[in-house]
Amino acid sequence: MSSKQTMGFQTEAKRLLQLMIHSLYSNREIFLRELISNASDAIDKRRFAAIEDSTLDVGGEGYEIRVDVDETAKTLSISDNGIGMSRDDIIDNLGTIAKSGTAAFMEQLSGDQQKDSQLIGQFGVGFYSSFIVADRVEVISRKAGEAAATRWESTGEDEFDIDEAQRDIPGTTVVLHLGSESEEFASPWRVRSVIKKYSDHISVPVMMLEQAPPQGEDDESEPPEAQWERINEAKALWTRSRSEVSEDEYKEFYRHVSSDYQDPLSWSHNRVEGKLDYTSLLYIPSQAPFDLWNREGARGLKLYIQRTFIMDDAEQFLPLYMRFVKGVLDSQDLPLNISREILQQSTQVDSLRSAVTKRVLDMLSKLAKSDEEKYQSFWDVFGNVLKEGPGEDFANREKIAELMRFASTHTDESVQNVALKQYVERMQDGQDAIYYVVADNHVTAKNSPHIEVFRKKGIEVLLLSDRIDDWLMGHLSEFDGKALKDIAKGELDLGESTEEEKAELEAAKTDNEGLFDRLKTALDGRVSEVRPTLRLTDSPACLVVGEHELGAQMRRILEAAGQELPDSDPILEVNTSHGLVKRMDGEQDEDRFTDLALILLDQATLAQGSQLDDPASYVARMNKLMVEMSA
């Protein structure tokens with residue numbers, strides 16, 4: 001009885017195949033990069049499986065990838081002796097396409113062929129790039145440890161066929177029947193050039209048959225049998241000396257380990273011997289991966305032990321706030337049979353994690369000092385991720401703080417380019433704190449009434465408007481011995497308030513005691529206290545909270561997340577020299593006074609970026625006031 005089956009692709013798979021065939025046509029050679037990378041991964045998996053079961057090892061034959069071109073039949077074959085696939089594996093892997101990665105891949109497509117072609121490997125859909133050049137694709141695979149082989153075949157349309165096959169050794173062969181417009185890849189020289197371009201760094205030998213020299217017309221002798229020869233360097237790049245590796249090789253290797261086909265922003269290649277014995281090659285990407293904000297997503301380094309591949313995405317060696325870092329870690333100390341569970345409990349892993357984390361921080365610090373423009377581009381992309389650091393990595397909090405960049409009143413621009421060290425260098429004599437204000441956006445922060453006295457005195461204020469900023473400052477209490485202080489919390493203390501200013505504040509409290517009592521009565525249940533202020537020069541009032549209470553932005557974020565918070569009424573600080581406040585003090589009609597007091601409170605609420613509980617009542621009071629003024 002025949003075991004042949006015809007099965008249909010899932011809906012997303014059909015859409016993806018059409019995209020591969022029609023949308024990425026201009027950058028066709030990427031298919032070979034993807035197929036060789038897949039073959040290399042399959043060999044790495046077999047090596048790892050052979051650690052537990054030595055019968056799976058290939059022994060003296062060695063691992064290799066063979067690329068064969070048939071110029072007459074117009075076919076291109078890529079064969080490996082890796083882990084191979086069973087019948088079920090083939091149906092799962094080749095019939096349903098990358099599972100969760102497919103939908104995300106679809107969302108990321110921009111219509112720009114060059115950019116879209118660079119997304120392929122990142123989403124695990126590289127095999128299907130075969131259909132960019134092939135009218136028909138065959139896959140013959142035999143899983144290591146099993147005797148049966150399976151053939152998969154498809155034209156890249158609605159269906160694929162699956163049947164029994166014969167294969168002498170475990171591994172996988174992909175046969176591409178090239179389309180008429182892709183016959184350039186039936187040329188051995190064209191294929192060699194693509195392999196050298198994209199796969200020279202692959203640690204597995206990529207082999208092709210030697211090209212025999214052309215024979216003369218009168219030469220009737222048999223041509224010598226062609227031998228397989230290695231096309232790529234086939235040496236793990238990180239094991240080579242830095243002086244032997246070119247910049248282009250480092251960039252190409254980054255593309256291999258990250259599936260990101262933009263150039264990296266920076267990298268660090270180091271060999272460490274001593275208490276720890278390891279090699280690391282770490283990269284800082286130039287663009288964010290599609291899942292940067294998925295804290296549960298795959299992340300981490302490729303882990304090798306004594307040059308043997310162990311696992312992808314070994315997240316134990318970097319903290320979560322460094323989830324954008326890509327690269328390779330090759331340890332000489334860890335046992336080959338290590339598991340993810342053991343990694344979580346190992347003191348050696350803790351030591352490696354500490355060392356690698358410091359290496360990344362040093363790399364970023366050097367980048368910030370040597371190339372401000374390049375570091376700024378890093379901060380613009382990954383700054384908000386790095387801001388998670390002080391809360392997660394207490395030991396390196398000061399180093400992380402040095403890498404932070406903020407907007408400030410020094411320029412009032414929205415770009416975050418002010419380092420805390422620069423702020424400290426510009427601090428005024430007698431200033432003992434680093435001041436900041438938090439708001440939902442830059443414009444609100446820049447125009448906050450809390451800043452008015454700081455502008456008057458020429459004191460710089462950091463303008464924080466990212467959602468994470470209030471949380472960040474809860475874990476970053478000081479820098480270089482200077483406290484970081486939210487200017488919308490607690491009593492204002494500029495560190496050099498004159499006796500005259502203190503006396504002025506005391507006089508305002510005494511002289512306006514009756515006004516404050518009336519305001520407290522009118523705003524009963526809405527504010528906890530009414531008091532005079534030195535913060536304001538142009539605005540009539542502002543809201544502040546207690547020194548140790550949640551800021552307005554953090555309260556809004558937690559409430560939006562559904563978290564129940566205890567009630568906390570703000571403090572209303574009043575500028576007693578403002579014309580509106582003086583007008584209120586002379587108001588004899590208590591109903592009108594109450595309306596003015598509520599308008600004053602609502603304006604202060606809006607100025608700090610908060611929403612009003614009852615906007616309609618505020619509008620009604622403002623309309624009523626304008627009608628009375630125009631009467």
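The values are calculated or read from the model by the stated rules, or taken from the named source; none is laboratory data. Nothing here was measured: the structure is a model prediction, and the numbers come from that model. Cβ coordinates were reconstructed from backbone atoms using ideal geometry, including for glycine residues, and neighbour counts include every protein chain displayed. All accessible areas refer to the heavy atoms of the entire protein, side chains included, with ligands and DNA or RNA removed. Shrake-Rupley method; radii C 1.70, N 1.55, O 1.52, S 1.80 Å.
How big is D, in µm² s⁻¹, for region 404-538 by Stokes-Einstein at 25 °C and 0.890 mPa s if Rh is the Kirkwood radius over C-alpha pairs?
151 µm²/s
Helix-only mean residue ellipticity at 222 nm, the chain, DSSP H runs n ≥ 4 weighted -39,500 (n - 2.57), per residue, nearest 500. What is it?
Here the helix-only value at 222 nm equals -11000 deg cm²/dmol.
What number comes out for the charge environment of N38, summing +1 per Lys or Arg and -1 per Asp or Glu over other residues with Cβ under 12 Å away?
Result for the neighbourhood of N38: -2.
Hey, got the Cα dimensions of region 304-402 along the principal axes, in Å, largest first?
Principal-axis extents of region 304-402 (Cα, largest first): 43, 26, 18 Å.
With helices defined as uninterrupted DSSP H runs, which ones in the chain have an alpha carbon span along their own long axis of at least 20 Å and mean Kyte-Doolittle hydropathy of at least -0.5?
Those that clear 20 Å and a mean of -0.5 are 30-52, 347-370, 590-607, 615-630.
Given the convex hull of the Cα atoms of region 572-629, what is a quarter of its surface area in nm²? Numbers along the way, then the final one.
Values: hull surface 17.1 nm².
Reported value for the Cα convex hull: 4.3 nm².
Return a whole-number percent for the relative contact order of region 414-533, with Cα pairs under 8 Å and 6 or more residues apart as the contact set.
26 percent
At a Förster distance of 30 Å, what's the computed FRET efficiency of A620 paired with D538, Cβ-Cβ distance as r, to 0.05?
Plugging the Cβ-Cβ distance into 1/(1 + (r/R0)^6) gives 0.70.
If amide H atoms are built 1.01 Å from N in the plane of the peptide, which residues on other chains or at least 5 residues away come under 5 Å of the amide H of Y304?
Distant-sequence amide H within range of Y304: I310, L329, D330, S331.
To one decimal place, what orientation-averaged projected area in nm² is obtained for the convex hull of the Cα set of the chain?
Result: a mean projected hull area of 40.0 nm².
Note down the net charge around L565, summing +1 for each Lys or Arg and -1 for each Asp or Glu among other residues with Cβ under 14 Å from its Cβ. Don't skip to the end; give the middle numbers.
Working: positive: R555, R556; negative: D470, E549, E559, E564, D567, D569.
Local net charge: -4.
Stokes-Einstein diffusion coefficient for region 171-289 at 25 °C in a medium of 0.890 mPa s, Rh from the Kirkwood formula over Cα pairs: what value in µm²/s?
Stokes-Einstein gives a translational diffusion coefficient of 139 µm²/s.
Which pairs, out of K387/K485; K509/K582; K251/K421; K457/K502; K143/K235; K366/K399, put more than 21 Å between their alpha-carbon atoms? Numbers along the way, then the final one.
On the way: K387/K485 17 Å; K509/K582 14 Å; K251/K421 32 Å; K457/K502 16 Å; K143/K235 26 Å; K366/K399 12 Å.
Going by Cα-Cα distance, K251/K421; K143/K235 fall outside the 21 Å limit.
Tell me, Kirkwood radius of region 483-616 from alpha-carbon pair distances, in Å?
Across region 483-616, the inverse of the average 1/r is 15.9 Å.
What are the residues whose amide H is under 5 Å from the amide H of A541, where those residues sit 5 or more places off or on another chain and H is modelled from the backbone?
N575
In bins 5 Å wide, starting from 0, what share of all Cα pairs of region 262-302 does each bin hold, as a percent?
6, 17, 18, 24, 15, 12, 8, 1
If you roll a 1.4 Å probe over the heavy atoms of the protein chains, what accessible area per residue do you get for region 553-592, in Å²?
Result: 61 Å² of accessible area for each residue.
Report, to the nearest whole %, how much of the accessible area of the chain belongs to carbon and sulfur atoms, 1.4 Å probe, protein only.
Result for the chain: 44 percent of the exposed heavy-atom area is carbon or sulfur.
If you count, for each residue, the other Cβ atoms within 10 Å and average over each peptide, how do 504-515, 156-167 line up from highest to lowest?
Peptide ranking by packing, descending: 156-167, 504-515.
Could you tell me, in Å, what Rg and Dmax come out for the Cα atoms of region 335-449?
Expressed in Å, the Cα Rg and Dmax of region 335-449 come to 18.2, 62.
Any idea what Rg and Dmax come out to for region 394-471 if you just take the C-alpha atoms, in Å?
Looking at region 394-471, its Cα Rg and Dmax stand at 12.4, 38 Å.
Taking Cα atoms of region 237-339, Rg/Rh with Kirkwood Rh, to two decimals? Don't skip to the answer; put the middle values down first.
Details: Rg = 13.6 Å, Rh = 14.2 Å.
Here the Rg-to-Rh quotient is 0.95.
May I ask for the Kirkwood hydrodynamic radius of region 240-290, worked out over all distinct Cα pairs and given in angstroms to one decimal?
On the way: mean 1/r = 0.0835 Å⁻¹.
Roughly 12.0 Å, rounded to one decimal.
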